[in-house]
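Just dropping this structure here.
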Ligand code: LLP
């Protein structure tokens, strides 16, 4: 127990990559492949790092459930004092099932349904982060019918284009579907002040994901603080400022966001404004804490390329094919004196886009060998599907030497459950 002192997750100890104190090869033997494994010690360390850095602003650490919604993981995060950032009724269900109190939950998303809004009101969530006028009108209607008051903040689109590794993960500029144009936010708060069922308590911004520079955050924050000043002059009683998530990690090449430097710029501004800071980290809490384990089925060469065909692919880990995401891949067991060779690591799915790595130099993999795909704790399992009749993998949580199966592998029966 305690905060992890490792500087790198999944170190290689006596030639074998380990999770906590357990060799990955042992986990794969016990639970089969493909398999997701998570290091709880690393997650504890990340939560502690966030707490320490942002301490001065009394932050609500609203873990972004979409990154990895495993129930046991959510329970552990709750025990570490985290709330939740959710984006659907399903994620709300996960969060409350894990014991996260409604008062620590914020709800974002452009398409909230009436049923989802009603569910969130019943759970007494801290706030809706509202993404359009129509949505706010709908929340007003649902809350009025229920005789309840809905706390909310408007998610402002600050029109800041943050550099993210892929266009699909930039959300803070005016050509994305997210948020309310910042020129329109004042009118919306003003309208809400006249509605009994609406309680405007905050303001929100989320500019994208896997951002490694502090500057776009500070730029967005300054824009939002300008709006806060104006709103207060109009009598809007704001109490929280949510700067979203998106804090970038290193995928084994390239820098990570410097949390301390970000906090040093953000905390004083938020404290000066007398606001409570809400943070929505997802990837930055769990990403590095996960590895995806997959076994080599075949090595196919002869043509211009060598294909290492593994038993996991885009149905389990879609980031490489969907975003061109880079994940370091290496044999989980001893490498010995093997030379690196350039290969495509591909899955068994019938799609040319089914790959985990292209033109990647790795120690020449052998059939039957276990490969570790690093930095897969976020947007790995949570984006997995049953495409091609694939069974979603098991998930294992490791705490030092203790191993828990936290989701069993799916079965063929699971595949047809619910079908007529
Ligand atoms: N808050 C909001 C409103 C969000 O939309 C997101 C992520 C987060 C927080 C958490 O962002 P994080 O701290 O995890 O970067 N599937 C993509 C990432 C999509 C992110 C969607 N929104 C990927 O695998 O890179």
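When the chain is fully extended, how far beyond the present Cα-Cα distance does residue 187 get from residue 161, taking 0.36 nm per residue of separation? Display every interim value, and only then the final one.
On the way: separation 26, 0.36 × 26 = 9.36 nm, distance 2.41 nm.
The span from residue 187 to residue 161 would gain 6.9 nm if fully extended.
Does region 41-285 classify as rounded, prolate or oblate by the C-alpha gyration tensor (a ≥ b ≥ c root eigenvalues; a/c under 1.5 gives rounded; else a/b over b/c gives prolate, otherwise oblate)? Can you show the working numbers first?
Details: a/c = 1.59, a/b = 1.21, b/c = 1.32.
Oblate is the answer for region 41-285, as a/c is 1.5 or above yet b/c matches or exceeds a/b.
For residue 196 and residue 14, compute 0.36 nm times the residue count separating them, minus their Cα-Cα distance, and round to one decimal in nm.
Numbers: separation 182, 0.36 × 182 = 65.52 nm, distance 6.49 nm.
Going from the current span to full extension adds 59.0 nm.
Could you work out how far apart the two model spin labels at residue 412 and residue 350 are, taking each label as a point 7 Å from the Cα in the direction of the beta carbon, and quote it in nm?
Output for this residue pair reads 1.8 nm.
Quick check on packing: order 318-330, 336-348, 24-36 by the mean number of other C-beta atoms within 10 Å, highest mean leading. Can you show the working numbers first?
Values: 318-330: 18.6, 336-348: 15.5, 24-36: 20.2.
Going by the mean number of other Cβ atoms within 10 Å, highest first, we get 24-36, 318-330, 336-348.
Continuing with the same structure: Roughly how many Å is it from the Cα centre of region 281-351 to that of region 63-133, as a whole number?
After rounding, the separation between the Cα centres reads 32 Å.
Note the full-extension length gain between residue 358 and residue 300 as 0.36 nm times their separation in residues minus their Cα-Cα distance, in nm to one decimal.
Answer, rounded to one decimal: 19.5 nm.
Once the Cα atoms of helix 215-233 and of the chain are each reduced to a long axis, what angle between those two axes, in degrees from 0 to 90 to the nearest 10, is obtained?
Between helix and principal axis, roughly 20 degrees.
Still on this structure, please answer the following. Based on the mean of other Cβ atoms within 10 Å per residue, sort peptides 264-274, 148-158 so the most packed one is first.
Numbers: 264-274: 15.8, 148-158: 24.0.
Highest mean packing first, the order is 148-158, 264-274.
At 222 nm, what value in deg cm²/dmol follows for the chain if DSSP H runs of at least 4 each add -39500 (n - 2.57) and the sum is divided by all its residues, to the nearest 500? Please report the intermediate quantities before stating the final value.
Numbers: 12 runs with 120 residues, N = 420.
That comes out to -8500 deg cm²/dmol.
Relative to the first principal axis of the alpha-carbon coordinates of the chain, what is the inclination of helix 40-54, with its axis defined by its Cα atoms, in degrees from 0 to 90 and to the nearest 10?
For helix 40-54, the angle is close to 30 degrees.
Note down the Stokes-Einstein diffusion coefficient of the chain in µm²/s, whole number, using a Kirkwood radius over alpha carbon pairs, 20 °C, and 1.002 mPa s.
Working: Rh = 22.5 Å.
After rounding, the answer is 95 µm²/s.
Pop a pseudo-label 7 angstrom from the Cα along the beta-carbon direction at both residue 148 and residue 114 and give the gap in nm to one decimal.
Calculated label separation equals 1.5 nm.
A follow-up question, please. Between residue 133 and residue 177, what FRET efficiency comes out of the Förster formula 1/(1 + (r/R0)^6) with R0 = 22 Å and r the beta carbon distance, rounded to 0.05? Don't jump to the answer; show the numbers that get you there.
Values: r = 14 Å, r/R0 = 0.64.
Efficiency computed from Cβ-Cβ geometry: 0.95.
With label points built 7 Å along Cα→Cβ from the Cα atoms of residue 260 and residue 419, find their separation and express it in nm.
That separation, rounded to one decimal, is 5.4 nm.
With a Förster radius of 41 Å, plug the Cβ-Cβ distance of residue 225 and residue 405 into 1/(1 + (r/R0)^6) and report the FRET value to the nearest 0.05.
Numbers: r = 46 Å, r/R0 = 1.13.
In this case the efficiency is close to 0.30.
Can you tell me the 0 to 90 degree angle between the C-alpha axis of helix 259-272 and the longest principal axis of the chain, rounded to 10?
Its long axis makes an angle of about 10 degrees.
We did not get these values from a lab; they are worked out from the coordinates using the rules stated. It should be emphasised that the depicted structure is a prediction, and the values quoted were computed from it without experimental measurement. All Cβ positions, even for glycine, are placed from backbone atoms using ideal geometry, and neighbour counts span all protein chains on display.
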